[in-house]
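Before any comments, here is the structure.
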Amino acid sequence: MRILVTGGTGYIGSHTTLELLQAGHDVVVMDNLANSSTESLNRVQELSGRTASFVQADLLDPQALEAIFAEHSPEAVIHFAGLKAVGESVAKPLHYYRNNVAGTLNLLAAMDRHDVRTIVFSSSATVYGASEEVPLVEDMPMDAVNPYGRTKEQIEDILADLGASDERWSIALLRYFNPVGAHESGRIGEDPTGVPNNLLPFVAQVAVGRREKVMVFGNDYNTPDGTGVRDYIHVMDLAAGHLAALDYIAARKGVKRWNLGTGNGSSVLEVLAAFSKAAGKDVPYEFAPRRPGDAAVSYADPSAARAELGWSAGRSLDDMCRDHWNWQKQNPQGYATQA
Ligand code: UD1
């Protein structure tokens, strides 16, 4: 298929673009490069031995979208582009709603005009909010607790309403748990701008010497070791999940929601131990107060994706830490270092 990938130079977008190219799909990457660089795409092309088209454009620019659909005639869209920092979304809610929600509306309007009605959307387990019930199942109510999460929830609602209004649409809403790791080559990986908000990139930057120590947010949760438990998933498993979802919806109409997680929870201390083992050195850490808005435990029930997509996340926490470290040590400053 010919696939438009919005946000294709970002972390999950670049790994998925690689998988798409390797599976023989033609890819058009669209990105505004707000939090990424085209170096990831250069490396994806190098790894796959294939080229993708690239357009630097913003979803808030309807004319640019129109030109992309007119010129490239995609048959399906995988929509990653969006802002994702929780704290920033609290400080700048309008910026988040405009970029994520209004941007998606522009994209959907262009798709509709061009008779492209197959879309895989990057949602997040954040839509479950601070639910105390685990594992999280797709039919649990959405209850996001911050503006970023509410943009994901609102886009899910918009897509569900769209699918209900017109049976020609094929829509997959993928709820990612905690994506980590990198392609096993170490050529592409996560390269956050500024101070990482998420655990793994922070741990990796401590291990490589860019930061002094990890602050562990809370050691008094009701969990086996008192630290927060999450469902970490290898980004290559996640990328494969997109291809499985695309295959599924390309053959069927309607709206589907799938959790993409492993179904296993790991604590912050377990992640630190696994990363230290992978890096062959202790990663210094210190306990700090809980981070507001954090749930104690979050992990997926991934059985729907397994049953319907024939997909499951097979890579272990050790694999995730090995590959994340391999990327970080080869690219201590991310893509900024060298070509
Ligand atoms: C966070 C976001 C979520 C978003 C997801 C992916 C919050 C409250 N949630 O999820 O909306 O979808 O990232 O971008 O920000 N931790 C530390 N020290 C750190 C960083 C994290 O101890 O420096 C702990 C956290 O308390 C948590 C675990 O590590 O228990 C994972 O944190 P993180 O990687 O930020 O992911 P989430 O909080 O699950």
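Between helix 39-48 and the chain there is an angle of about 80 degrees, using the helix long axis and the longest principal axis of the Cα atoms.
Pairs of C-alpha atoms in the stretch 115-174 farther apart than 17 Å represent 41 percent of all such pairs. Measuring between their Cα centroids, the stretch 75-123 and the stretch 142-196 lie 9 Å from each other.
Taking the Cβ-Cβ separation of LEU94 and ASP166 as r and a Förster radius of 30 Å, what is the calculated FRET efficiency to the nearest 0.05?
On the way: r = 29 Å, r/R0 = 0.98.
After rounding to 0.05, the efficiency reads 0.55.
Note on ASP157 and ALA23: the model spin-label points, each 7 Å out from Cα along the C-beta direction, lie 3.1 nm apart. Rg and Dmax, both from the Cα atoms of the stretch 1-111 and both in Å, are 13.8, 42. Here the spin labels are modelled as points 7 Å beyond Cα on the Cα-Cβ line, and at GLU184 and ARG113 they lie 4.4 nm apart. Label-to-label distance for GLU71 and GLU212 is 4.9 nm, based on points extended 7 Å past Cα in the beta-carbon direction.
How do 289-296, 98-105 rank on mean C-beta neighbours within 10 Å, highest first? Kindly include the intermediate steps, with their values, before the conclusion.
Details: 289-296: 14.1, 98-105: 18.8.
Those peptides, ordered most packed to least, come out 98-105, 289-296.
At 222 nm, what value in deg cm²/dmol follows for the chain if DSSP H runs of at least 4 each add -39500 (n - 2.57) and the sum is divided by all its residues, to the nearest 500? Please list the in-between numbers first.
Values: 12 runs with 131 residues, N = 339.
Dividing the helical sum by the residues of the chain leaves -11500 deg cm²/dmol.
In the frame of its principal axes, the chain has Cα extents of 54, 45, 39 Å, reported largest first. Our summary of shape: the Cα atoms of the stretch 187-339 have principal axis extents of 50, 45, 25 Å, ordered from largest down, in whole angstrom. A straight chain from LEU60 to SER303 at 0.36 nm per residue would run longer than the Cα-Cα distance by 83.9 nm. Sorting SER36, SER303 from the fewest to the most surrounding beta carbons within 10 angstrom yields SER303, SER36. With the highest mean first, a sort of the peptides 181-193, 162-174, 5-17 on other beta-carbon atoms found within 10 angstrom per residue produces 5-17, 181-193, 162-174.
Under 12 Å from the Cβ of TYR148, count the other residues' Cβ atoms, weight Lys and Arg +1, Asp and Glu -1, and hand me the total.
Local net charge: +2.
Readers should treat all values here as calculations from the given coordinates under stated rules, not as data from a laboratory. Nothing here was measured: the structure is a model prediction, and the numbers come from that model. Cβ sites come from the backbone with ideal geometry, for glycine too, and all protein chains shown count toward neighbours.
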